[in-house]
Amino acid sequence: MIKKILYTLGALALLFGLYGFYTRLFIGERDVNYGSYVTWGLWVAMYLFFAGISTGAYMLATLDYLFGISLFKGTGKYALWGALVTMPAALMTIGMDLGHMERIWKVYLQPNFFSLLAQMVWGYSLFFVLTAASLWFAMQGRRDTAMKVIMVVGLFLAVFLSGGVGALLGINANRAYWHVGLLPAQFPVFSLASGMAFMLIIVGWFGVVEEARRSQLLWVVGLLSVVLGLVKVYFLWADFSQSIYSGIPDNVKAVQLVLFGPYAWAFWGLQIVLGTAVPIIVLVQPNLAKNGAWAGLMGAFILLGFAVARANIVFPALAIPELEGLVAAFTGPHLNINYFPSLLEWSVTFGVVGLATLAYILGLDRLPFLSAKTEATK
Amino acid sequence: MPQTDTATVNRRDFLKSAGAAVAFLTALSAEPERVIASTAQAVNNKPLTLESSEGADVIVRMQVELQRALQKKPDERRWVMVIDLRKCVGCHACTIACVAENKLPPGVVYRPVMEEEHGVYPLVTRRFIPRPCMQCDNPPCTPVCPVSATYKGEEGVVQIDYEQCIGCRACITACPYGARTSDFGYTYLEGAPVADGLIAGQSFAAGYERAPNFEYGKEWAREEGSSPIGNARKCHFCLHRVMNGMLPECVATCIGRATLFGDANDPDSLVTEMIHRPNVMRLKEDHGTEPRVYYMV
């Protein structure tokens, strides 16, 4: 039943996305709302989001294939499949963001390795290959030394790539909101939390482990998800309280924008209430926390909260002008600081989400080594 | 034997293909050719044709100094800009001249003039602050570029190789001065009504916008999907003019002579004289970017 709903929602999202894909690929980038001041918008936030799920799912796969934790036995290949599907989704959204996406080959053949962006492109490519290799080994049921070596390298990459995303933003010393040493340190935690939430969905909704172990697994993963969510809230508190207390104007303005700005509803409603508080409520009621449908929903809420959290990291820092008077000095298209994603941006985002959802479930249903034990939640 | 022959041929074919592939990849991975390395190919060794006398317009003096600077090796000159805020009247002529010179489309600006108002009536002052690219000696925008499309030339002007840029906007994000904008491919006359019978209709006027600009010493026709559309863009001190012995357009246009340009390595130049005065400041010096644009206050 849940799979049918997801097939339908995925197909609808993809259908909506076709408009965005066509417009972006054949007409251009004009109908976006990001620009020269808010340089990175929804697609960059979604890149962080998908990359977080991918690396987080890989981290969870190591619990099965590298550390051999019995509770997670059998979940590794589903996590790896998730990592493999969400990484192209991340690269699609970031690819759409490029003014000249046809020149992406230059990052491979003429890279500036001093650039974090180039390092990330190379790192993610290597990570994708390693994920594919891990899945290939998993298909063959291998748990030998070769598999463990791949998983060690993959885990190392997953942690560092997650941190790299934070560094990608944090190195911009001109953006006070980003330029904190803790930012790269936070992102591996976000990735792990995203991976946990993803695991809640696949275990809760798709029943990828036997019934006897399922409720215990859901409880543990749910608990870890909530704990990591609270760690995220602690990071927020540390960042925001220090920023406001120290009173650096650009930083304070960015924090105020998140807390009280025109899109504060997204922070309070989606990130805090739906993404953090509701999962706690579900967790403290064991009947719900161990119920597949509820646990999966809890995972989906946590992921939604993380998507908003990514947006709340990217946009506010860019919505503060570099110089007072700059925005009013010259006007024109894409020269404003009030950012809300355009229809084109939403369309592409929904399209990519739909594509990734369909790809993941199709894999569960059609790939023999994944479909063997998969049962939709009754 | 036939099988051996086939194997030999296949191996040879394979080697040929591999060789071709390696050659292709080597060609691709070669360091990108810079459109303009410097003004070295400019007017070096041309005789000095201008003279400046006591009391001459500073434009004439700067023109003479420019010719003198171009006689030197590129790495021996240090282009700087000095903007006297006491003389700027906020006419925006420099902004418009820059747009005209570089055929900038809507949404792209190299030299906006910011306006600040201080105080409460009757103690009110206004200040106008033109903001070109600072051509930082320690630019945060260049190391972040994943393909080295933006770099500091040997004369210290930060440049963009339009054909190398992938349009990721990392450089725009990194600039502390908001001095870079992204070209989304607009033209000013889009959607303007086409009126038959007029002497200069939309199509005639639009021809001006489609005409190439000459940034970095190369013709850049404005065609859909090709650079500089989709690229980051910025002020480059009008290098294409400087290489031909002309002052940057904003300098030449300034009605109050508020913007000065020249070689700071020339001890006798006007800009050297100005930047050694005590009433000089640079924007966001605490960022350690070492801007080459000085403001006199």
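Tabulated data
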read-out	value
Evaluation of B:Pro139 against (1) away from every other protein chain (no Cβ under 11 Å); (2) of a type outside the set (S, T, N, Q); (3) out of contact with any helix residue (DSSP H, G or I) (no Cβ under 7 Å at 6 or more places or on another chain); (4) surrounded by fewer than 20 Cβ atoms within 10 Å (Cβ to Cβ) (one fails), failing number	(4)
Out of B:Arg111, B:Arg127, sole residue that is outside any strand (DSSP E or B) and over 30 Å from A:Val107 (Cβ atoms)	B:Arg111
Of all residues making up region A:112-152, the number that are away from every other protein chain (no Cβ under 12 Å) and among the polar types (S, T, N, Q)	5
Matching residues, region B:70-95, being of a type in the set (Val, Ile, Thr) and part of a strand (DSSP E or B)	B:Val80, B:Val82, B:Ile83
Failed criterion for B:Cys145 (all others in (1) buried (at least 21 other Cβ atoms within 10 Å of the Cβ); (2) within 28 Å of B:Glu65 (Cβ to Cβ) hold)	(2)
Criterion: away from chain A (no Cβ under 14 Å) and under 21 Å from the mean Cα position of the chain (by Cα) - qualifying residue of B:Val82, B:Val144, B:Val124, B:Val113	B:Val82
Meets criteria (in contact with a Leu (Cβ under 8 Å, 6 or more places away or on another chain) and without any contact (Cβ under 8 Å) to a residue 12 or more places away in the chain) for A:Ile53	no
Filter result (of a type in the set (A, V, I, L, M, F, W, C) and under 23 Å from B:Cys175 (Cβ atoms)) within region B:272-295	B:Ile275, B:Val280, B:Met281, B:Leu283, B:Val293
Within region B:147-174, tally of residues that are closer than 17 Å to A:Arg175 by Cβ and either more than 7 Å from every other protein chain (Cβ to nearest Cβ) or polar (S, T, N, Q) (or both)	2
Residue, farthest from B:Pro74 (Cα to Cα), within region B:249-297, restricted to residues that are of a type in the set (S, T, N, Q), away from chain A (no Cβ under 14 Å) and within 21 Å of the chain's Cα centre (by Cα)	B:Thr253
Hits in region A:260-292 - residues which are farther than 18 Å from A:Val221 by Cα and over 22 Å from the mean Cα position of the chain (by Cα)	A:Phe260, A:Gly261, A:Pro262
The listed residue being surrounded by 24 or more Cβ atoms within 10 Å (Cβ to Cβ) and within 27 Å of B:Tyr177 (Cβ to Cβ), out of A:Pro333, A:Pro341, A:Pro316	A:Pro316
Which listed residue is within 24 Å of A:Gly229 (Cβ to Cβ), more than 13 Å from every other protein chain (Cβ to nearest Cβ) and surrounded by fewer than 24 Cβ atoms within 10 Å (Cβ to Cβ), from A:Ile69, A:Ile53	A:Ile69
Hits in region B:87-110 - residues which are β-branched (Val, Ile, Thr) and within 12 Å of another protein chain (Cβ to nearest Cβ)	B:Thr95, B:Ile96, B:Val99, B:Val108, B:Val109
Which numbered condition B:Tyr295 fails, given (1) assigned to a loop (DSSP other than H, G, I, E, B); (2) modelled with pLDDT of 90 or more; (3) over 17 Å from B:Cys98 (Cβ atoms); (4) touching a strand residue (DSSP E or B) at 6+ places or on another chain (Cβ under 9 Å)	(1)
Per-region count, region B:250-262, residues buried (at least 21 other Cβ atoms within 10 Å of the Cβ), within 25 Å of B:Asp183 (Cα to Cα) and in contact with a helix residue (DSSP H, G or I) (Cβ under 6 Å, 6 or more places away or on another chain)	1
Selected residue (only one of A:Leu168, A:Leu109 is within 13 Å of chain B (Cβ to nearest Cβ) and buried (at least 23 other Cβ atoms within 10 Å of the Cβ))	A:Leu168
Meets criteria (under 15 Å from the mean Cα position of the chain (by Cα), surrounded by 15 or more Cβ atoms within 10 Å (Cβ to Cβ), within 14 Å of chain A (Cβ to nearest Cβ) and at pLDDT 95 or above) for B:Arg233	yes
Counted residues, region A:3-45 - those being within 11 Å of chain B (Cβ to nearest Cβ), in contact (Cβ under 8 Å) with a residue 12 or more places away in the chain and either part of a helix (DSSP H, G or I) or among the acidic types (Asp, Glu) (or both)	3
Single unsatisfied condition, A:Ala133 versus (1) among the small types (Gly, Ala, Ser); (2) closer than 30 Å to B:Asp183 by Cβ; (3) in contact with a helix residue (DSSP H, G or I) (Cβ under 7 Å, 6 or more places away or on another chain)	(2)
Residue check for A:Val327: crowded, with 17+ Cβ neighbours inside 10 Å and either in contact with a Gly (Cβ under 6 Å, 6 or more places away or on another chain) or within 24 Å of A:Val85 (Cβ to Cβ) (or both)	no
Unique match (being more than 7 Å from chain A (Cβ to nearest Cβ), of a type in the set (Gly, Ala, Ser) and within 27 Å of A:Trp43 (Cβ to Cβ)) among B:Gly178, B:Gly119, B:Gly191	B:Gly191
Elements of type helices (runs of 4 or more DSSP H) in region A:270-378, at least 3 residues being at pLDDT 90 or above	A:278-283, A:292-318, A:326-329, A:343-366
Test: A:Leu303 is within 14 Å of chain B (Cβ to nearest Cβ), in contact with a Ser or Thr (Cβ under 7 Å, 6 or more places away or on another chain), in contact (Cβ under 8 Å) with a residue 12 or more places away in the chain and hydrophobic (A, V, I, L, M, F, W, C)	no
So A:Asn336, is it within 14 Å of chain B (Cβ to nearest Cβ), polar (S, T, N, Q) and either farther than 22 Å from A:Phe206 by Cβ or in contact (Cβ under 8 Å) with a residue 40 or more places away in the chain (or both)	yes
Residue satisfying condition, being crowded, with 18+ Cβ neighbours inside 10 Å, closer than 22 Å to B:Phe128 by Cβ and hydrophobic (A, V, I, L, M, F, W, C), within set B:Met274, B:Met243	B:Met274
Residue within region A:75-82 that is facing chain B (nearest Cβ under 9 Å), outside any helix (DSSP H, G or I) and crowded, with 23+ Cβ neighbours inside 10 Å present	no
Criterion: loosely packed, with under 14 Cβ neighbours inside 10 Å and on the phi > 0 side of the Ramachandran plot - qualifying residue of A:Gly247, A:Gly207	A:Gly247
Single match in A:Met1, A:Met46 (criterion: of a type in the set (A, V, I, L, M), more than 18 Å from the chain's Cα centre (by Cα) and either modelled with pLDDT under 95 or buried (at least 23 other Cβ atoms within 10 Å of the Cβ) (or both))	A:Met1
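The values are calculated or read from the model by the stated rules, or taken from the named source; none is laboratory data. Predicted, not measured: the structure shown is a model, and the values here were computed from it. Neighbour counts run over all protein chains shown; Cβ positions are idealised from the backbone, glycine included.
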